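Before any comments, here is the structure.
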Number of protein chains: 2
Amino acid sequence: MKPLKQAIRPTTIVNAARLSKRLGIDLTIASETFQYTGSFKFRAAYNLVINVSQSHIIAASSGNFGQALAYACSLVGKACTVVMPKTSARVKIDAVREFAAEVDLIDVHNTSREQRVAELCRQNPGAYLASAYDDPWVIEGNATLGDELAAFGFDVVVVPVGGGGLASGILLGLRRSGSEAELCLAEPAAANDAALSLKLGYIVKSSTEPQTIADGAKTVSLGERNFAILKNNVSGIIEVTEEAIKQSVRMLYALVNLKAEPTGALSLAAVLTKPELFVGKRVCLVVSGANVDAALYSEIILASNSLW
Amino acid sequence: MKPLKQAIRPTTIVNAARLSKRLGIDLTIASETFQYTGSFKFRAAYNLVINVSQSHIIAASSGNFGQALAYACSLVGKACTVVMPKTSARVKIDAVREFAAEVDLIDVHNTSREQRVAELCRQNPGAYLASAYDDPWVIEGNATLGDELAAFGFDVVVVPVGGGGLASGILLGLRRSGSEAELCLAEPAAANDAALSLKLGYIVKSSTEPQTIADGAKTVSLGERNFAILKNNVSGIIEVTEEAIKQSVRMLYALVNLKAEPTGALSLAAVLTKPELFVGKRVCLVVSGANVDAALYSEIILASNSLW
């Protein structure tokens, strides 16, 4: 086993003076884009792999969690299998393989991820099946970001939401570290199962994978553990348009010099959508990651928009 | 006069684990891309405006120094005039105007920047004429970055060079803060006046403005104060191709999630060009800024290259 020289990186605080001035709102960015493997997911993955006893971790992920898990496993010498659709972007498959994890490619027309994962678990009874969000180690790993943010005295922390792993973790961390900052969630309107769930008081599942440019928010529902933590404890959840997400990526590029992936820009999109909720407050925007293909990124930053 | 709530931001240390692994070299990035106005130039400009007695600052700059000076002047309530070619990118002109500075547009076919600046100084005898690099306040301002870097124990610090303001400042800061780290300069081969000057022992001037994608290195020569500090005190100067600069911008995008302008990526380009000089050392790459148009940036990150 390799020595554990590596631990999570503290979040990168970026002072967004020009963006704040433009919007008339006091904004500070907590950027997880420079976290190992480029997103907050490494906090979750690393905490998981160092705490579970199993030496083989299995997960289904076409995105940041798979990459983070592969890297975390490589650090501690555990085996890792990541189930991905064979249509996944080459760059994402390569990123997982770069860390010596096994990539298990499936044809989603024939086999669902859940089916394939169940099959792998039967074949590897000693392995640990990791959810990207509905897992206590994952939530606790993400809570380290809440611990860090508690020290800054923000009035409100705005967080992207998909399965709820990051949001529930941050809430846990803020509270256990003594912060009463409000937690505001940011979700694509095209994938608004979390907004519905929080409104109705039970978990609402999308019948199909929602279509949004924010691929980290394509989860069909909040996880049960995540919902239990979040319900009754968030100050609000703001649904944002696809255009607001793209505009946020552009503004982070032009006014903050920050490369963000669409999911990472959801927090700014929430502020653009309901600025009146944030005026006069010390606002922290969590930018959760930056893993985006050059082709998509270029398309977004080259487009112009006159709404903002 | 406004209260001086604002000071320089500490540099942003970015751990480049994936890039380091790819190149087999221990690289840490000191990113000035999140400095106020998006480049190290704010260190220089701010130190200048708070130390000179004059209440009106004049400078010629089509780039980062003009923007930094305009912002610094706005913070302390001083007047600022920035001479720019009327062909400058709209986004750069707007950035200077955003901070309430006067933009003086000239037709470079009829009037040189030097002529226009001299004319403005005659008209405003109480004003201070600021050089972007050959000025003691500018060098001292940039030295604050050297002070910061001294604390990390790097073996070598790699720095982009144009007029030499950043390089001479960092050297000054490193030495006065007790660091014996080597200083290695990175310059476009297409604008290699600094390399020639250091080789020959006197300042070599380009007869025309060099053509390079690294617009911060288009200066025709090192400044006198800068040359005096740098000569005999740098471990080397590496000339890099335009393609190496673009490849460095791409690698910072893809492997570090860092938006950098071409001039900012010169330090990585130097390592790509002569990796053998850096193996086994703790290397700090100074990424000096990130102010680059979306059109040019997209063009660079979308292009592919097989040399590296």
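Data overview
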quantity: MRE, 222 nm, helices only [DSSP H, n ≥ 4, -39500 (n - 2.57), over chain B, to nearest 500]; calculated: -12000 deg cm²/dmol
quantity: Shape category assigned to segment B:41-130 from the gyration tensor of Cα positions, a/c cut at 1.5; calculated: oblate
quantity: Within segment B:68-91, backbone nitrogen closer than 16 Å to the virtual label 7 Å beyond the Cα of A:Lys21 toward Cβ; calculated: B:68-82, B:91
quantity: Where no second cysteine Cβ lies under 4.7 Å, the cysteines concerned in chain A; calculated: A:Cys121, A:Cys184, A:Cys284
quantity: Packing rank of B:211-218, A:246-253, where each peptide gets the mean count of other beta carbons within 10 Å, highest leading; calculated: A:246-253, B:211-218
quantity: Residues whose placed amide H lies under 5 Å from that of B:Glu182, excluding near-sequence neighbours; calculated: B:Val156, B:Val157
quantity: Descending semi-axes in whole angstrom, ellipsoid equivalent of segment B:224-308, from the Cα gyration tensor; calculated: 24, 16, 11
quantity: Shape call, segment A:148-295: gyration tensor on alpha carbons, a/c limit 1.5; calculated: oblate
quantity: DSSP-defined beta bridges in the protein assembly as shown - what % are antiparallel, rounded to 5; calculated: 15 percent
quantity: Shape category assigned to segment A:135-181 from the gyration tensor of Cα positions, a/c cut at 1.5; calculated: oblate
quantity: Alpha carbon centroid spacing (whole Å) that separates segment B:117-169 from segment A:63-83; calculated: 45 Å
quantity: Solvent-accessible area, 1.4 Å probe, carbon plus sulfur percent, for chain A; calculated: 51 percent
quantity: Ratio of Rg to Rh over the protein assembly as shown (Cα coordinates, Kirkwood Rh, two decimals); calculated: 0.99
quantity: Length-normalised contact order for segment A:41-130 - Cα pairs under 8 Å, 6+ apart - percent; calculated: 33 percent
quantity: Of A:Lys92/A:Lys231; B:Lys231/B:Lys259; A:Lys21/A:Lys231; B:Lys246/B:Lys281, those spanning more than 27 Å from alpha-carbon to alpha-carbon; calculated: A:Lys92/A:Lys231; B:Lys231/B:Lys259; A:Lys21/A:Lys231
quantity: Near-label residues of segment A:196-236 by backbone N, under 16 Å of a point 7 Å along Cα→Cβ of A:Glu299; calculated: A:211-216
quantity: Intensity falloff of chain A expressed as log10 I(q)/I(0), Debye formula with alpha-carbon point scatterers, at q = 0.10, 0.14, 0.15 Å⁻¹; calculated: -0.51, -1.03, -1.19
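The values are calculated or read from the model by the stated rules, or taken from the named source; none is laboratory data. The structure presented is a predicted model; accordingly, all values stated were derived computationally and were not measured. In this analysis, Cβ positions are derived from the backbone assuming ideal geometry, glycine residues included, and neighbour counts consider all displayed protein chains. All accessible areas refer to the heavy atoms of the entire protein, side chains included, with ligands and DNA or RNA removed. Shrake-Rupley method; radii C 1.70, N 1.55, O 1.52, S 1.80 Å.
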